[in-house]
Structures are given as C-alpha cells and as structure tokens.
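For reference, the structure discussed in these notes is given below.
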Amino acid sequence: MEYTTNGLVKELLEGNRRAMSRLITLVENNSPSAVNAIQELYPYTGNAITVGITGPPGAGKSTLVNQLAKEFRKRDKTVGIIAVDPSSPFTQGAILGDRVRMQELIGDPNVFVRSMASRGAMGGLSDTTIDVIAVLDAFGKDIILVETVGVGQDEVEVMRAVQTVIVVGVPGTGDAIQALKAGILEIANIYVVNKADREGADQAVSYLKQLLSLEPKKAKSEWRTPVLKTVAMHGDGVPELTKAIEAHHTYLSSTGKGHEEEAARIRHQVLTLAQRELYSRLSRSEKVKEVLAEKVQAILRREANPYRTARELADLAVESESPGYSG
Ligand SMILES: Nc1nc2c(ncn2[C@@H]2O[C@H](COP(=O)(O)OP(=O)(O)O)[C@@H](O)[C@H]2O)c(=O)[nH]1
Ligand SMILES: [Mg+2]
C-alpha cells in the first residue's frame with residue numbers, strides 16, 4: 001500500500017509551521033505515512049544542535065529550558081522544544097504546567113513547543129523522539145531542546161538521541177547519588193546545580209566535581225563535564241550554560257567526536273529498525289507460520305527449545321553465513 005503525506009513534507013520545507021505540527025502528530029501516532037515523510041525529509045536533516053535536559057521532577061528543567069530558549073533567541077537562533085514524558089498518563093498535570101510556563105515563549109513564532117507522552121507504541125519513546133527531532137531539524141530549527149521528566153532507563157535512552165546532555169540537580173537532595181546510580185551521570189556533558197539560591201549549592205558543586213573526577217583519567221583534549229550553578233527562576237547562570245553548550249558543540253565538531261557519536265547513533269538506529277523489520281517479516285511469513293506451529297508443539301513437549309528454534313527462524317530470514325555461531 002502507498003501512504004502519501006499529501007505534500008506535507010514540501011510544505012514543511014517551505015517553512016509551514018502547521019505542516020510541521022501535523023507531521024509530528026503523524027510520527028507520534030506511529031502512522032505508516034510518517035515513515036515515508038521522514039525518508040523524504042531525511043536529506044534536509046543533520047544541521048540542528050540537539051540538547052537534552054534531564055533530571056528529577058521539580059529540579060527546574062522546564063524553567064531552565066524556557067530560559068535557554070530565550071537566550072538562544074537573543075542570539076537569533078530558532079528553537080524547537082520537545083518535552084518527553086515516559087511515565088504518562090500519571091504526570092499529565094506536570095506536562096500541562098510546563099505548557100503554561102512555556103506559553104510565555106509561544107507568542108514567538110520562532111519557538112516551537114511540543115509535549116510528547118508515551119503511548120506504548122511499538123517504536124518506543126526514544127525512536128519517536130529521534131523522528132520528531134528529524135522533523136524539527138528539517139524544518140530548519142537551529143537548536144532543539146529535549147526535556148525528559150525523570151531519571152530512569154527510558155530517560156537515558158531518550159538522552160542517547162541528542163548531541164549534548166545536561167543533567168540538572170538541586171542542592172541537598174542526593175540528586176547526584178541518584179544520577180550516579182541511574183547511570184545518568186556518565187552520560188552528562190554538562191551538569192547543572194539549579195536552585196543555587198538555596199543553601200548548600202556550593203557544597204553540591206564541589207561534591208559533584210569530586211564525583212566526576214573519579215571518572216577514569218581523561219586525555220587533555222577530551223571533554224570534561226563542567227558543573228555549573230543556575231537560578232533558573234531568575235535566569236542567573238543561563239548565559240554561562242549557553243556558552244557551555246556552544247563549547248561542547250565546538251568540541252564535538254573540532255575533534256571529529258561529533259561525527260563518531262553520530263555514526264554510533266545511526267548504527268544503533270538502523271539495527272533497531274532492522275530488528276523490527278525482521279520481526280514483522282518473520283511473523284507475516286507463511287513458511288514461518290508453518291514451521292512455528294510445529295515447533296511450538298515440539299517445545300511444549302520439551303523436544304525442542306525456544307533458543308535453538310529462534311536461531312533456526314533467524315536463519316530462515318537471513319540466509320547468510322553467521323560468523324561466530326557455534327551451531
Ligand atoms: N527557588 C528556586 N525555584 C526554582 C528555580 N528554578 C525553578 N524553580 C521552581 O521549581 C519548580 C519546578 O520547576 P520546573 O521547571 O517545573 O521543574 P521540572 O519538573 O524539572 O521541569 C517551579 O515552581 C519553579 O518555579 C530556582 O532556581 N530556584
Ligand atoms: Mg518539566
């Protein structure tokens with residue numbers, strides 16, 4: 001079947017915001033036409049600077065995103081904001097609150113804000129995020145800010161889709177330890193202690209610096225995660241944070257590290273898509289249905305096992321040599 005996007009991609013490339021918005025909705029709904037659209041606009045992607053902001057609820061991420069957007073607008077950059085909520089629908093309220101706070105920026109046609117909740121759809125949230133980033137990127141957004149609500153595994157996955165990861169914590173709540181445990185500290189390119197108007201901000205900063213210095217020794221040329229203080233509410237420290245984002249971008253492009261990391265992201269994306277494609281082909285194949293019907297009975301009788309059977313099915317799909325397989 002052919003799925004057409006009725007010229008949406010063309011309109012988007014001409015700068016039509018409504019077309020962009022509708023394309024994002026198609027992506028969110030896992031519409032088959034979205035896949036076509038992404039392929040059509042893919043040649044126009046790869047220009048945006050993508051920044052992720054993660055950290056516990058209430059740390060001030062949305063406030064910070066809002067301020068960052070303003071700061072980038074001062075520099076004449078256009079901005080796209082994606083607020084990702086993996087734990088929805090329980091936190092719909094939080095997203096609504098964000099929307100109200102970000103409303104301030106919505107009057108500016110060069111800032112586009114979109115909240116995105118998980119729908120338990122096949123692709124998963126990080127895949128949807130990748131596609132929404134592609135849409136904003138092709139539209140021509142200079143900076144794309146991706147905010148997640150929490151610090152779980154889903155958030156870490158979403159953060160893998162961006163170039164620069166900012167982890168936000170607040171003084172005196174053990175955020176740093178939580179981030180360390182969740183494996184999120186190691187993906188931070190910039191760490192922010194927000195609510196620096198509160199007591200204990202300096203201690204939090206030096207504690208974090210200590211934690212970060214425990215990382216394996218880095219070569220001089222490698223990026224060292226800076227720890228910055230902000231009062232997002234008042235915009236304090238936001239110009240410095242913006243500079244740190246720009247410095248990380250410069251580091252990525254001047255060292256070739258950016259290309260290397262993008263290649264790794266693409267590799268992972270292609271393998272994920274291929275895995276899904278294989279699953280879909282296998283489950284549709286008449287031959288597989290036949291073989292599987294018999295095999296399942298054999299497995300029930302414990303005359304076969306799921307592992308060996310899965311490998312045999314994979315061989316049916318891919319008739320190439322399987323190096324490293326011992327049989
Ligand atoms: N005292 C203080 N409060 C802040 C600061 N930044 C944000 N807040 C407040 O913290 C609350 C949570 O902020 P929000 O941006 O929604 O946090 P998020 O859940 O991480 O997105 C809001 O009431 C903000 O006004 C700050 O620097 N200092
Ligand atoms: Mg928020």
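Which number in (1) modelled with pLDDT under 90; (2) open to solvent by 20 Å² or more (accessible area, probe 1.4 Å); (3) in a helix (DSSP H, G or I) marks the one condition that residue 173 misses? Result: residue 173 passes all but (3). Residue 109 fulfils the conditions (1) more than 16 Å from ligand 1 (Cβ to nearest atom); (2) over 19 Å from the mean Cα position of the chain (by Cα); (3) modelled with pLDDT of 90 or more except for a single criterion, (3).
Within the bounds of segment 220-242, is there any residue that is in contact with a Phe, Trp or Tyr (Cβ under 9 Å, 6 or more places away or on another chain) and in contact (Cβ under 8 Å) with a residue 40 or more places away in the chain? Yes, because at least one residue in segment 220-242 is in contact with a Phe, Trp or Tyr (Cβ under 9 Å, 6 or more places away or on another chain) and in contact (Cβ under 8 Å) with a residue 40 or more places away in the chain.
The selection criterion, being in contact with a Lys or Arg (Cβ under 9 Å, 6 or more places away or on another chain) and over 25 Å from residue 9 (Cβ atoms), does not hold for residue 78.
Looking at segment 32-82 only, could you name the residues that are in a strand (DSSP E or B) and either closer than 17 Å to residue 127 by Cα or within 13 Å of ligand 2 (Cβ to nearest atom) (or both)? The answer is 50, 51, 52, 53, 54, 81, 82.
If you check residue 54 against the conditions, is it open to solvent by less than 10 Å² (accessible area, probe 1.4 Å) and assigned by TED's automatic domain parsing to the domain that holds residue 179? Considered against the rule, which asks whether it is open to solvent by less than 10 Å² (accessible area, probe 1.4 Å) and assigned by TED's automatic domain parsing to the domain that holds residue 179, residue 54 comes out as yes.
Restricting segment 240-259 to residues that are loosely packed, with under 15 Cβ neighbours inside 10 Å and touching a helix residue (DSSP H, G or I) at 6+ places or on another chain (Cβ under 9 Å), the residue that is farthest from residue 75 (Cα to Cα) is 259.
The values are calculated or read from the model by the stated rules, or taken from the named source; none is laboratory data. Quantities reported herein were computed from a predicted structural model and do not represent experimental measurements. For neighbour counting, all protein chains shown are included, and Cβ atoms are generated from backbone atoms with ideal geometry for every residue, glycine included. Protein only, heavy atoms only, side chains kept; ligands, DNA and RNA dropped before computing areas. Shrake-Rupley method; radii C 1.70, N 1.55, O 1.52, S 1.80 Å.
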